[in-house]
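Let me begin by presenting the structure, written as structure tokens, before commenting on it.
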Amino acid sequence: MWFIRFLAVMSALTMSSAERTVPGDVEPVGPGGRWTLTFRDEFDGSAVDGSKWEHRSTAESDWSDEPYGTGNPDSKQLGFDHPGNCSVAGGALTITARPDSIRSQSGNWYGWSSCLITSTGPEGYTFRYGYVEIRATLPSPPGFWPSFWTWQSADNEQRTETDVFEYFSDNRRHLYLTWHWDSDDGCIHTPRFDPSAGMHVYGADIRESGTDFYVDGERVCHASGTPAGPVNLVVSNFVYAGRPPASGSVGRMVVDYVRAWQR
């Protein structure tokens, strides 16, 4: 019997990431208790799943059809986000921010490009309360602004944003964990690791009574805020105007999975 178990373990360890599957009842790395998995993307395919994700969020002001994508120069973003900068391979999503030359349909010129995904696809994910989690490696060169956050859905007219994390790659010692609505609340967390050096798990437990933020399963911050209405998930890797990257610099955010649960 022990030999059969040994073979099973060795077989699992030698499987590729595309061959491995996560049980349907996978639990959060963060808060305990009874949870129901309601959304997941393990990025095991060869492209972004268009049934779950779209590439344009209403959080961005400059929408363009030719070329397709969005920008938001008024929000300290130097880049134009379009699908070509998102790739899926080896069980991971890579969002690449790089030098470029793009003029949007409105006439705005961008010297950088990147990509974002938001869970507003045909089979996407909208929620108000629940726990959301991402496992990711963040870019190393200074000048990039990766984030995992929520933004109000189409039927919610009030600004409703929770930043599960924001990270500015010129300062690897800070993670910004913030709830936004009629006021801001949250924390600047100092991790015990370099977020660009490997995969780590970032999550937020969004409840009616407030929001708890988790890093690698540890509760590190509480905010009193709670959403005013339903929201979607957003994953982005902006180019930061407050500390622009060096010429020719490339910043990659690599995402292992995005998951969500409800009680």
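The values are calculated or read from the model by the stated rules, or taken from the named source; none is laboratory data. The model shown is predicted, which means the values in this text are computed figures rather than measured ones. Cβ atoms come from the backbone with ideal geometry, glycine included; neighbour counts cover every protein chain shown.
The residues in segment 126-160 that are farther than 24 Å from residue 80 by Cα and touching a strand residue (DSSP E or B) at 6+ places or on another chain (Cβ under 6 Å) can be counted, and the count is 7. Among the conditions (1) surrounded by 21 or more Cβ atoms within 10 Å (Cβ to Cβ); (2) over 19 Å from residue 149 (Cβ atoms); (3) touching a residue at least 60 places away in the same chain (Cβ under 8 Å), residue 92 misses just one, which is (1).
When residue 188 is tested against the conditions (1) surrounded by fewer than 16 Cβ atoms within 10 Å (Cβ to Cβ); (2) within 17 Å of residue 229 (Cα to Cα), the lone failure is (2).
Would you be able to say whether some residue in segment 48-62 is free of Cβ contacts under 8 Å to residues at least 60 places away in the same chain and crowded, with 18+ Cβ neighbours inside 10 Å? Yes. Just to be sure before I move on: is residue 172 basic (Lys, Arg) and either surrounded by 20 or more Cβ atoms within 10 Å (Cβ to Cβ) or under 23 Å from residue 98 (Cα atoms) (or both) in the structure I sent? Taking the combined requirement at face value, the residue satisfies it.
When 191, 244 are screened for being part of a loop (DSSP other than H, G, I, E, B), of a type outside the set (D, E, K, R) and over 30 Å from residue 110 (Cα atoms), only 191 passes.
One line per residue, one yes/no per condition, for (1) surrounded by 15 or more Cβ atoms within 10 Å (Cβ to Cβ); (2) farther than 30 Å from residue 89 by Cβ; (3) of a type outside the set (Gly, Ala, Ser):
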position	(1), (2), (3)
195	yes, no, yes
201	yes, no, yes
205	yes, yes, yes
236	yes, no, no
239	yes, no, yes
247	no, no, no
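For segment 164-181, state whether one or more residues are more than 27 Å from residue 78 (Cβ to Cβ) and either touching a His at 6+ places or on another chain (Cβ under 8 Å) or not aliphatic (A, V, I, L, M) (or both). For segment 164-181, residues more than 27 Å from residue 78 (Cβ to Cβ) and either touching a His at 6+ places or on another chain (Cβ under 8 Å) or not aliphatic (A, V, I, L, M) (or both): absent.
Only one of the listed residues (22, 26, 9, 48) is among the β-branched types (Val, Ile, Thr) and at pLDDT 95 or above. That residue is 48. Inspect segment 172-184 for any residue being modelled with pLDDT of 95 or more and farther than 23 Å from residue 251 by Cβ and give the result as yes or no. The answer is no, given that none of the residues of segment 172-184 is modelled with pLDDT of 95 or more and farther than 23 Å from residue 251 by Cβ.
Among residues of segment 213-240 that are part of a loop (DSSP other than H, G, I, E, B), those with a Cβ under 6 angstrom from a residue that is among the small types (Gly, Ala, Ser) and crowded, with 16+ Cβ neighbours inside 10 Å, sequence gap 6+ or separate chain, pair up as 217/30; 230/153.
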